[in-house]
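Derivation of every value follows stated rules applied to the coordinates shown; laboratory data play no part. As the structure is a prediction and not an experimental result, all values here were calculated from the model. Every residue, glycine as well, gets a Cβ built from its backbone with ideal geometry; the counts of neighbours run over all protein chains shown.
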Amino acid sequence: MVFQLIKEKNILRILFAIIIFIVLYFYNDRITTNYRQSRDTQMRMAVVNTLGGPAIPIIAQCCTSRNLAEGIYARRSDIPGGFCFHSDCDVVVTPGVVSEKVYRLKVIKKKP
Amino acid sequence: MNLPKHINICLTAAQNLRRYKAKSLAIIVPLILVMATISFMMFSRGGFVKDAEVARAFLPDVTVQGIYAGRVGKISLHMKTEIGDIPHVKQVIPRVWGYLPLRIEETDAAFTLMGLDLNHALYGKKLPWTVDTGSFLVPGDRNKAVLGAGVAVSFEADVGDRLQIEDTLGNKGEFEVVGILNDIVQVYSTDLIIVSIEDARLFFGYGEDEASDLLVYTDAPENADMVAWEITLMADNTRVLTSKALTDLVKEAFGRRGGTFQAMWLMLLVAVLLLVWAQSAHISVDVSKEIGILKAVGWGTGEIIEMRMMESLIMGLTGASTGVLFGFVYALMGTPGISGYCIGCASIYPKFPVPVHCDYQSLLLLFVIGVMPLMVVSAVPAWLAGIIDPDDTIRG
């Protein structure tokens, strides 16, 4: 009877989704999150270790929190990499202020 | 407990859902959408939180910053010697870093120039893996830089090129690009320009005995708090951050704090529950007749209610499991299509790969919030269906 229940399409769908999820979970754990097995995590931690803990350069701030111009949420700006108003996380965007002048960065290409 | 009876009721409920396919889909599809939304959000944040927990073992035990007028300023290297004398302190490494406000096309951006003490840096064993092209800095390197992938892409810089940086006062720095970090580590390095501490000092105008902060490593992590207290007592104008504090900051920032998405998700969930209520409360003539016949052939009120609740349970489990699966796959894919809408309030999704993780508590919570409200909302309609009078319904 239990077998009959498992054979029922609606129940089978639930089991199928859970099994696929478990497979993906372990795959993801192995690839990206588990330090012992994941090369990606080992690489990220090597950077954290060498640099002495940079902040994640991503804003995760509620718009109602105070001190928007500096001190991203709980003083994260005081950790290197923490000062950021990201537009889309390829570029770290600073707030649009009138008075602040920008630095200049020029790349001189290597001669072939 | 009469297990076969309950299994039979469950099978009947499953068959009912199949027979009334359109009605079932009208509930399951929005539920999948709702569950997928909350799932990808939770799993994306879970990745940051998990990373922060793992990173704690690799952070300096204590980070000391100088405070002037209540704001972070330079710290004197005299402190380094004093901190080094505290029992259980193994190593104190100064670091000099600052921001480079730059304009890329029409966008104002801030990158981070970080100077490392290359003679004493704790080179992570797997560091060579993180370098996509070129190599990392080695002790003795001067006027050389390693770039995060975001910087390299923004300025189309490559190994061998030279970076000329000029601040607003006209101070210049020129660095040869010797390495570019890979995509995997962008979550920590996308905006970094890593140089030697001497070069950073020169560029930012720091004195020989000044640094931005001091990284303190103890002989055992359990001594971190004690060392932190000692430093606090030693100097009043310092901010002392333990690795736990830094980890907690990331957890707070990326943890369960809500934002636009949670509000949106809550609205969607309420909409689905209203839909379930509307669908369940309205018992069609056909369904009434079926229930009447079931009661006429001996089904009790409790069994009818159980069947109706079982229908809700199967719908809830189908919606929750499929939604969670879709959400997980979507998070692994980097939320294509809607990543732009995640920007800003409490949650954003960057273009570079970020870790995705789900823990057991999150999973349990997802199933509870996916199934329980559905069961609760359908309880009253189930009871209403259970008390239908068979005589009245069969005769019409």
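Please order B:C358, B:C10 by the number of other Cβ within 10 Å, starting at the fewest.
B:C10, B:C358
Just going by the charge dipole of the range B:51-168, with Lys and Arg at +1 and Asp and Glu at -1 on Cβ, which of B:H78, B:L102, B:Y68 is farthest out on the positive end?
Result: B:H78.
Name the aspartates and glutamates eligible as straight-distance cross-link partners of A:K106: C-alpha to C-alpha under 18 Å, and not fewer than 8 places from it in the same chain.
B:E105, B:E106, B:D108, B:E156, B:D158, B:D161, B:E166, B:D167, B:E174, B:E176, B:D191, B:D199
Rounded to whole Hz and in sequence order, give me ³J(HN,Hα) for the range B:372-383 from the Karplus expression 6.51 cos²θ - 1.76 cosθ + 1.60, θ = phi - 60°, writing x for Gly and Pro.
4, x, 5, 5, 5, 5, 8, 5, 5, x, 5, 5
Classify the range B:89-218 as rounded, prolate or oblate, taking a ≥ b ≥ c as the square roots of the eigenvalues of its Cα gyration tensor: rounded when a/c is under 1.5, otherwise prolate if a/b is larger than b/c and oblate if not.
Judged from the Cα gyration tensor, the range B:89-218 comes out oblate (a/c at least 1.5, b/c at or above a/b).
I want to check the label-to-label distance for B:L274 and B:D236. Put each point 7 Å from Cα in the C-beta direction and report it in nm to one decimal.
Each label point lies 7 Å from its Cα, and together they span 6.0 nm.
Name all residues of the range B:108-135 having a backbone nitrogen under 18 Å from the label point set 7 Å from the Cα of B:D183 along its Cα→Cβ direction, giving them as ranges.
Those under the cut-off are B:129-134.
Taking other Cβ within 10 Å of each residue's Cβ, how do B:F40, B:F155 sort, fewest first?
Result, fewest neighbours first: B:F155, B:F40.
Give me the distance in nm between label points sitting 7 Å out from Cα along the Cα-to-Cβ direction at A:I108 and B:M333, one decimal.
4.7 nm
Determine the shape class of the range B:69-161: with a ≥ b ≥ c the square roots of the Cα gyration tensor eigenvalues, call it rounded for a/c under 1.5, and otherwise prolate if a/b is greater than b/c, oblate otherwise.
Oblate, since a/c reaches 1.5 and b/c is not below a/b.
Just checking the output field for B:70-77: average partner chain Cβ neighbours within 10 Å of each residue's Cβ? List each step's numbers first, then the result.
Details: counts 0, 3, 6, 0, 0, 0, 0, 0.
The shielding value for this peptide is 1.
Please give the FRET efficiency for B:K289 paired with B:L3, using the beta carbon to beta carbon distance and R0 = 35 Å, rounded to the nearest 0.05.
Efficiency, rounded to the nearest 0.05: 0.75.
Apply 1/(1 + (r/R0)^6) to the Cβ-Cβ distance of B:K90 and B:Q361, taking R0 = 51 Å, and write down the FRET efficiency to the nearest 0.05.
It comes out at approximately 0.90.
At a Cα cut-off below 13 Å, give the aspartates and glutamates reachable from B:K21, other chains included and same-chain residues fewer than 8 away excluded.
Within the straight-line limit of under 13 Å, B:K21 reaches these aspartates and glutamates: B:E311.
Can you give the local net charge around B:G386? Use residues other than it whose beta-carbon is closer than 12 angstrom to its beta-carbon, Lys and Arg +1, Asp and Glu -1. Could you put the intermediate results ahead of the total?
On the way: positive: B:K295, B:R308; negative: B:E303, B:E306, B:D389.
Local charge sum for B:G386: -1.
Run through the range B:50-139 and list the trypsin sites (Lys or Arg not before Pro) located in a DSSP loop whose Cβ has at most 15 other Cβ atoms within 10 Å.
Of the trypsin sites (Lys or Arg not before Pro), the ones in loops of the range B:50-139 whose Cβ has at most 15 other Cβ atoms within 10 Å are B:K125.
Would you mind checking the pairs A:K9/B:K23; B:K50/B:K125; B:K144/B:K251; B:K125/B:K251; B:K90/B:K172 and listing those with alpha carbons more than 28 angstrom apart?
Exceeds cut-off: B:K144/B:K251; B:K90/B:K172.
So for the pair B:E53, B:T301, with labels modelled 7 Å out along Cα→Cβ, what separation do we get in nm?
Each label point lies 7 Å from its Cα, and together they span 4.8 nm.
Classify chain B: rounded, prolate or oblate, from the alpha-carbon gyration tensor (a ≥ b ≥ c, eigenvalue square roots; a/c under 1.5 rounded; otherwise prolate if a/b is larger than b/c)? Please report the intermediate quantities before stating the final value.
On the way: a/c = 3.68, a/b = 2.63, b/c = 1.40.
Since a/c reaches 1.5 and a/b is larger than b/c, the shape of chain B is classed as prolate.
Quote the charge dipole size of the range A:1-53 about the Cα centre in Debye, to the nearest 20; the model charges only the Cβ of Lys and Arg (+1) and of Asp and Glu (-1).
80 debye
I'd like to know how the range B:1-83 sits against the 2.2 N^0.38 Å rule of thumb: what's its Cα Rg over that expected value?
Here the answer is 2.43, to two decimals.
Under a cut-off of 14 Å between alpha-carbon atoms, report the aspartates and glutamates in cross-link reach of B:K289, not counting same-chain residues fewer than 8 places apart.
B:D389, B:D391, B:D392
Given a Förster distance of 25 Å, report the FRET efficiency between B:D389 and A:Q4 from their Cβ-Cβ distance, rounded to the nearest 0.05.
0.20
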